[in-house]
Amino acid sequence: MYAEERQQAIATLVAEQGRIAVATVAEHFGVTTETVRRDLAVLERAGILRRVHGGAVPAAALTLVETALGERNATRAEAKRKIAAAALDLLPGRGGSVLLDGGSTTAALADVLPADRSLFVATNSVPIAARLANAPGVTLHVLGGRVRGLTQCAVGETPVRALADLRVDVAFLGTNGIAPGHGLTTPDEAEASVKRAMVRAGQRVVVLADSSKLGREHLVRFASLDDVDVVVTDGEADPAVVDHLEAAGVEVVTA
């Protein structure tokens, strides 16, 4: 295979997978990691991708592009159900308190909360609040504010101020990206402000992120890896990223 053909194939892999690892690409094409790094440098100069630690992500990964909640609900649904099931083991005991960030994976957790355990649940997500409004055993606290239509979550100073007065056992957060070198990120500053407040409000911080989020970076950082206790992901997670997370002191649970 000529270098140009390989580089085109690499560009296709990045677009399809969201992130590629140098070692994996080298094995796939039967070339050295140094050759792959040179290919990535060529593609980065062409504006096709952006190199990150251990691999590359699409050049658009750091833009303001953000998918709507309805689209995310239909993406990787089975992986999100498995993540939610695994996250049940991280719930506090009877009478405990949790925060549920907005998002499709945290919504999957809301769907499977045990009916036989009394829990205080606070959320800024309109869909999650609707699901839990009549849930047995749940004392629901809705964080108000301006609702973003794209994510259907309350943002702004109102939820941030409310979160400053809360202290819960576990904060379950979603994220658009989580990368070893940059932490947890999202495309929107208003969403990031609420997520930061949620991190501060949780005695324990658990991030629910399917494997497509690992290794990705977006525009606004809302937490470092030092802020995170546990990441729950699926079996397709890049082993290199998992190793980096664990080396940073984050417990990784694979569903």
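The values are calculated or read from the model by the stated rules, or taken from the named source; none is laboratory data. Worth saying up front: this structure is predicted, and the values here are computed from it rather than measured. Counting neighbours? That spans all protein chains shown, and the Cβs are built from the backbone with ideal geometry, glycine included. Please note that ligands, DNA and RNA were not included when accessible areas were found on the heavy atoms of the full protein model with its side chains. Shrake-Rupley method; radii C 1.70, N 1.55, O 1.52, S 1.80 Å.
Going through E71, E44, E66, E78 one at a time, which residue ends up being of a type outside the set (S, T, Y), out of contact with any helix residue (DSSP H, G or I) (no Cβ under 7 Å at 6 or more places or on another chain), closer than 21 Å to D234 by Cα and at pLDDT below 90? Explain how you work it out, then say what you get.
Working: E44 fails: closer than 21 Å to D234 by Cα; E66 fails: closer than 21 Å to D234 by Cα; E78 fails: at pLDDT below 90.
Exactly one of E71, E44, E66, E78 is of a type outside the set (S, T, Y), out of contact with any helix residue (DSSP H, G or I) (no Cβ under 7 Å at 6 or more places or on another chain), closer than 21 Å to D234 by Cα and at pLDDT below 90, namely E71.
Okay, residues lined up against (1) hydrophobic (A, V, I, L, M, F, W, C); (2) within 30 Å of A56 (Cα to Cα); (3) not in a strand (DSSP E or B):
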{"site": "P114", "(1), (2), (3)": "no, no, yes"}
{"site": "R117", "(1), (2), (3)": "no, no, yes"}
{"site": "A135", "(1), (2), (3)": "yes, no, yes"}
{"site": "T158", "(1), (2), (3)": "no, no, yes"}
{"site": "R161", "(1), (2), (3)": "no, no, yes"}
{"site": "D169", "(1), (2), (3)": "no, no, no"}
{"site": "E191", "(1), (2), (3)": "no, yes, yes"}
{"site": "K195", "(1), (2), (3)": "no, yes, yes"}
{"site": "M198", "(1), (2), (3)": "yes, yes, yes"}
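Can E34 be described as among the acidic types (D, E), in a helix (DSSP H, G or I) and at pLDDT below 90? Break it down into steps so the answer makes sense when it comes.
Details: among the acidic types (D, E): yes; in a helix (DSSP H, G or I): yes; at pLDDT below 90: no.
Judged against the criteria, E34 is not a match.
Of all residues being of a type in the set (V, I, T) and assigned to a strand (DSSP E or B) in region 119-130, which is nearest to D210 (Cα to Cα)? Just the residue, please. Full working, then the answer.
Start the filter on region 119-130 by keeping residues that are of a type in the set (V, I, T), which leaves 121, 123, 126, 128.
Subset that is assigned to a strand (DSSP E or B): 121, 123.
Values: V121: 23, T123: 20 Å.
It comes out as T123.
Regarding region 178-192, can at least one residue be identified that is touching a Pro at 6+ places or on another chain (Cβ under 9 Å) and outside the structural domain of H53 (by the TED database)?
Filtering region 178-192 down to residues touching a Pro at 6+ places or on another chain (Cβ under 9 Å) leaves none.
No; the residues of region 178-192 include none that is touching a Pro at 6+ places or on another chain (Cβ under 9 Å) and outside the structural domain of H53 (by the TED database).
When you scan region 1-10, do you find a residue that is modelled with pLDDT under 90 and part of a loop (DSSP other than H, G, I, E, B), even just one?
yes
Which of the residues that make up region 115-145 are open to solvent by less than 70 Å² (accessible area, probe 1.4 Å) and among the aliphatic types (A, V, I, L, M)?
Residues satisfying the conditions are A115, L119, V121, A122, I128, A129, L132, A133, A135, V138, L140, L143.
Can you work out which of the residues in region 200-230 that are assigned to a strand (DSSP E or B) and open to solvent by 30 Å² or more (accessible area, probe 1.4 Å) is nearest to L184 (Cα to Cα)?
R221
Could you check how many residues of region 4-32 are surrounded by 15 or more Cβ atoms within 10 Å (Cβ to Cβ) and hydroxyl-bearing (S, T, Y)?
Summing the residues that are surrounded by 15 or more Cβ atoms within 10 Å (Cβ to Cβ) and hydroxyl-bearing (S, T, Y) in region 4-32 gives 1.
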